[in-house]
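Notes to accompany the following structure.
Here, each number is a calculation from the coordinates, and none is a lab measurement. This structure is a prediction, so every number in the text was calculated from the model and none was measured. Cβ sites come from the backbone with ideal geometry, for glycine too, and all protein chains shown count toward neighbours.
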Amino acid sequence: MAKKILISSIYENPDFDSEPRRKGLADLAKLGGLSQHPNELTDEHAEDVIAVLAGGPLVHESFYKAASDLRIIARWGVGFETVNVDLATQYGVIITVAPDHIETVAEYAIAQWFATLKRVYAMNQRAHSGDASLMRTYDVKGSTLGLYGLGRIGQEVAIRAKPLLGEEGRLLVYDIRPDIKELAAKLGAEAVDDPMVLFHESDTISLHVAGADPIVTYECFCAMKPHASVINPSRGNLVDDEAANRAIREERLYYYVIDDPVNGPRAIHKGHPRIISTNHCAGISVESTIRLDLRTIEQAIDAIKGREPAHILNPEVLNHPRVKSFLGRR
């Protein structure tokens, strides 16, 4: 029986249709029948599935257990919370990510850095309400930018930000990585030992951290300059939403920018003119979508053809008998 390949609805979004996407899907279709995956994957969806190009479905153990032909789940992006990596490894399924949008996220952070210092959102509201009065804005050059996290995206932000700050500007960075001082020096930044230094001294802070627990609390907001802003292109749960909302209302900072929808724990922000939400699209552009499409399609094709794909999230799975078998390894 022909194998099946489940793909995300992302690949059918007409706003991001492209010739590279169409060609990639056509190549993939030569290896199996393509159909859209549901929001949750269970045993009823598992028969004959050899690959999944995943948007963000919740993958249940029953799917892994029943999907005896499954070789790979290729994530369109870098989030992996819903795929259950440990179970995938246990059942011999490769999980890959596609970090091909990091430059786009970095550009988003830079754009919001400028927009918040220049008070673009507030000036737009004033203009539309008929208020022609001037308001205080701030220059990027000579300001202090704090980066909380200096992984791949944080480094891309630093590379772009450093020349914009000028000789008098400061680029402060905090990260727990052991090589932080050396890396900071290479990027022309100052490494700090305590993240609270960022909140005390920065005019803008941009978060570039993975994790599930809040790292920005009310205490952090209280340490900020009233004209400063926090940009969060990472994960909404990194910031205590109630604390952010309260701090903005108390004028402890000017803007909080969150790349997440205004729902769930962030519904508290709905309608607030100085809490800016962008629906989890910081990494999405015409160009990054093509890169993400091609990466995930390539990863799936590699696994189906018995080749090791790029950007494997669970490299220990390569020792699983099932994976060694389809990769032709002993």
### Task
Please work out, to two decimal places, the log10 of the ratio I(q)/I(0) at q = 0.11, 0.21 Å⁻¹ from a Debye calculation in which every Cα of region 195-330 carries one identical scatterer.
-0.57, -1.14
### Message
Under the rule of at least 5 residues apart or a separate chain, name every residue whose amide H is placed under 5 Å from the amide H of residue 54.
### Response
74, 75, 76
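Which order do the peptides 233-241, 128-136 come out in when sorted by mean C-beta neighbours inside 10 angstrom, highest first?
Numbers: 233-241: 21.0, 128-136: 7.7.
Taking the mean over residues of other Cβ atoms within 10 Å, the ranking is 233-241, 128-136.
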### Query
Per-residue HN-Hα couplings for region 74-83, Karplus 6.51 cos²θ - 1.76 cosθ + 1.60 at θ = phi - 60°, whole Hz, x for Gly and Pro?
9, 7, 7, x, 10, x, 9, 4, 8, 8
### Query
Any idea which of 191, 236, 57 is furthest toward the positive side of the dipole for the chain, if Lys and Arg beta-carbons carry +1 and Asp and Glu beta-carbons -1?
57
### Residues whose placed amide H lies under 5 Å from that of residue 235, excluding near-sequence neighbours
209
### Message
Charges at C-beta only: +1 for Lys and Arg, -1 for Asp and Glu. How large is the resulting dipole of region 1-61 about its Cα centre, in Debye rounded to 20?
### Response
360 debye
### Summary
Computed ³J(HN,Hα) along region 196-210: with the Karplus parameters 6.51/-1.76/1.60, θ = phi - 60°, integer Hz and x for glycine or proline, the list is 4, 4, 4, 6, 6, 10, 8, 8, 8, 10, 10, 9, 9, 9, 9
### Query
Ordered by residue, what ³J(HN,Hα) values in Hz, to whole numbers, does region 114-130 give under the Karplus form 6.51 cos²θ - 1.76 cosθ + 1.60, where θ = phi - 60° and Gly and Pro are x?
5, 4, 6, 5, 8, 6, 4, 5, 5, 5, 4, 5, 5, 4, 6, 8, x
### Task
Enumerate the amide H contacts of residue 277 below 5 Å, restricted to partners 5 or more residues apart or on another chain; note that Pro and chain-start residues carry no placed amide H.
258
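Using +1 on the beta carbon of Lys and Arg, -1 on that of Asp and Glu, and nothing else charged, what's the dipole of the chain about the Cα centre, debye to 20?
Values: 37 positive and 45 negative charges, 113 e Å.
Approximately 540 debye in magnitude.
Would you please classify the overall shape of region 80-132 from the alpha carbon gyration tensor, given that a ≥ b ≥ c denote the square roots of the eigenvalues, rounded means a/c under 1.5, and beyond that prolate means a/b larger than b/c while oblate covers the rest?
Values: a/c = 6.55, a/b = 3.39, b/c = 1.93.
It is prolate, given that a/c is not under 1.5 and a/b is the larger ratio.
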### Message
Here are labelled values, [x] 1.20; [y] 1.06; [z] 1.12, and one is the computed Cα Rg over 2.2 N^0.38 Å for what I pasted. Which one?
### Response
[z]
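Could you compute the longest span of the chain free of GluC sites (Glu not before Pro) located in DSSP loops and having at most 13 other Cβ atoms within 10 Å, not counting the site residues?
Details: sites that count: 47, 81, 167, 168, 250, 251.
Value returned for the longest uninterrupted segment is 82-166.
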### Task
May I ask for the angle, rounded to the nearest 10°, between helix 19-29 and the longest principal axis of the chain, with both axes built from Cα atoms and the value confined to 0 to 90°?
30 degrees
### Query
By its C-alpha gyration tensor, with a ≥ b ≥ c as the square roots of the eigenvalues, how is region 48-122 shaped: rounded for a/c under 1.5, else prolate for a/b larger than b/c, else oblate?
prolate
### Query
Convex hull over the Cα atoms of region 102-277, averaged projected area in nm²?
9.8 nm²
### Task
Compute the acute angle (0 to 90°) between the alpha-carbon long axis of helix 152-165 and the principal axis of greatest extent of the alpha-carbon atoms of the chain; round to the nearest 10°.
30 degrees
### Message
Please compare each pair in 65/324; 118/181; 118/186 to a cut-off of 25 Å on the Cα-Cα distance and tell me which ones are over it.
### Response
118/181; 118/186
### Message
Over the Cα atoms of region 89-182, each weighted equally, I'd like the Debye log10 I(q)/I(0) at q = 0.17, 0.23 Å⁻¹, rounded to two decimals.
### Response
-0.85, -1.15
### Query
Taking K and R as +1 and D and E as -1, what net charge do the other residues with C-beta under 14 Å from the C-beta of residue 239 add up to?
-3
### For residue 14, net neighbour charge (Lys/Arg +1, Asp/Glu -1) across residues whose Cβ lies under 12 Å away
-1
### Helix axis angle, 286-304 relative to the chain longest principal axis, alpha carbon, degrees
30 degrees
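Assign one of three labels to region 199-273, namely rounded, prolate or oblate, based on the Cα gyration tensor with a ≥ b ≥ c the square roots of its eigenvalues; rounded applies when a/c is under 1.5, prolate when it is not and a/b is larger than b/c, and oblate otherwise.
Values: a/c = 1.64, a/b = 1.18, b/c = 1.39.
Verdict is oblate for region 199-273.
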## Note on the structure
Straight-line reach check, residue 23, cutoff 27 Å on alpha carbons, 8 or more apart in-chain or any other chain, hits among lysines -> 3, 4, 305
### Task
Measure out, as a whole number of angstrom, how far apart the alpha-carbon centroids of region 283-330 and region 25-40 sit.
15 Å
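What trypsin sites (Lys or Arg not before Pro) in region 61-123 are in a loop by DSSP, with at most 16 other Cβ atoms within 10 Å of the Cβ?
Numbers: sites: 65, 71, 75, 118, 119; in loops: 71, 118, 119.
Passing sites in region 61-123 are 118.
Using +1 on the beta carbon of Lys and Arg, -1 on that of Asp and Glu, and nothing else charged, what's the dipole of region 102-277 about the Cα centre, debye to 20?
Numbers: 20 positive and 24 negative charges, 113 e Å.
In debye, rounded to 20, region 102-277 gives about 540.
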